[in-house]
Amino acid sequence: MQVHRDLQQLPVFRNAVITIGTFDGVHTGHQYILQQLQEAAAACNGETVIITFDPHPREVLAPHDKSVRLLTTLDEKIMLLEQRGIDHLVVVPFTKAFSELSATAYLEDFLIRTFNPHTIIIGYDHRFGHNREGGLELLEAEQQKFGFRLLEIPQQVVHDLTVSSTKIRKSLLEGAVQLANELLGYPYFLNGTVVHGDKMGRQLGFPTANISLNDSRKLIPAQGVYAVTVTTGGRTLKGALNIGTRPTFNGTELRIEVFILDFNEDIYGHPIRVNFLDYIRSDRKFDSVEALVVQMKDDVEKARVLAD
């Protein structure tokens, strides 16, 4: 997959079959669009072109609203799209000026002039242009004038839920990782680097890897203990991960730390990825350190079973 970040340096696409969106999470709804994109491109001997935006539009349009966190960073999105066999990803810098383009200008001056699309594929709820004024109705009205094919993708439903990035975020923030994973089509994950902590886990008999996230905008699931798999140094291992403030020790700082099962190596400074498999319990304060250790032993055994 070729990644393009400069609109002035784009190649001439062959029968471009394009779709547009933030694609946060590259979830099952997105994956269905990608499948349709590839089928349409194969039918016209064309190339698949995804147009996405960075930063996320909400970061520009509502800069003080920190409530929306990313399911996938740009690098993670690139990785997931590449795995899907897409030909081209065009990363458009999302700015205030770009957001103020009228729907007509967006269509004519941006989409048509830049990409000369053979086919445009959009999701059922796709809106574009200033104040989201453009949508399927405008594309249909201009289709004959500009000579592109148009395909609308209906909503995708899993467990009676319409698949959306918003629903996945909500599920993760409630600890419902199994539902989130079904909507995503893969286990939700965090990427980071192993950093030094205060060695408290080691003192309790459970040395943990403290994780500093690669991107502070990434969504962190609900506080609690999770069964995970851990990928580091080319290996994937089982783990029990805790997100919390360590209330038994009157902590206040949110930490992400993982106990890797059957593992005892120095990985400080190493990249690490954790894949969330299941929620085990909430983060809570114990009456004693001894009670905490008993619970941690139980957590680890549950994680061992759930990670199978």
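Each value in this text was obtained by applying a stated rule to the coordinates, not by laboratory testing. Because the structure is predicted, anything quoted here is derived from the model rather than measured. Positions of Cβ are generated from backbone atoms using ideal geometry, with glycine treated the same way; all protein chains shown enter the neighbour counts.
Between the helical axis of 289-306 and the longest alpha-carbon principal axis of the chain there is an angle of about 50 degrees. Here the Gaussian network model covers the chain, with springs between Cα atoms less than 10 Å apart; of Asn242, Asn131, Asn191, Asn131 fluctuates the most. The chymotrypsin sites (Phe, Trp or Tyr not before Pro) of region 21-117 include none that meets both conditions, a loop assignment by DSSP and at most 10 other Cβ atoms within 10 Å of the site Cβ.
With a simple spin-label model that places each label point 7 Å from the Cα along the Cα-to-Cβ direction, the separation between Glu82 and Glu152 comes to 3.6 nm. Taking the alpha-carbon distance from Lys238 and a cut-off under 23 Å, which lysines remain once sequence neighbours fewer than 8 residues away in the same chain are dropped? Candidates past the 8-residue exclusion: Lys199, Lys218, Lys297, Lys302.
Restriction of the GluC sites (Glu not before Pro) in region 251-308 to DSSP coil positions whose beta-carbon has at most 16 other beta-carbons within 10 angstrom yields Glu253, Glu265.
Which residue fluctuates most in the GNM of the chain (Cα springs below 10 Å): Lys77, Lys145, Lys285? Looking only at Lys77, Lys145, Lys285, the largest GNM fluctuation is found for Lys145.
Exposure proxy ranking for Glu137, Glu47, based on other Cβ atoms within 10 angstrom of each Cβ and starting from the fewest, stands as Glu137, Glu47.
So I have [x] 186; [y] 137; [z] 147, and one of them is volume of the Cα convex hull per residue in Å³ calculated from this model. Which one is it? Checking each listed value against the structure points to [z]. Secondary structure note: in the chain, about 60% of the DSSP beta bridges are antiparallel.
Just to confirm the number: angle between the C-alpha axis of helix 74-83 and the first principal axis of the chain, 0 to 90 degrees, nearest 10? Value to nearest ten degrees: 70.
Taking the Cα centre of the chain as reference, the dipole from Cβ charges on Lys and Arg (+1) and Asp and Glu (-1) amounts to some 420 debye. Between Asp6 and Glu290, the simple label model (points 7 Å from Cα in the Cβ direction) yields a spacing of 6.8 nm.
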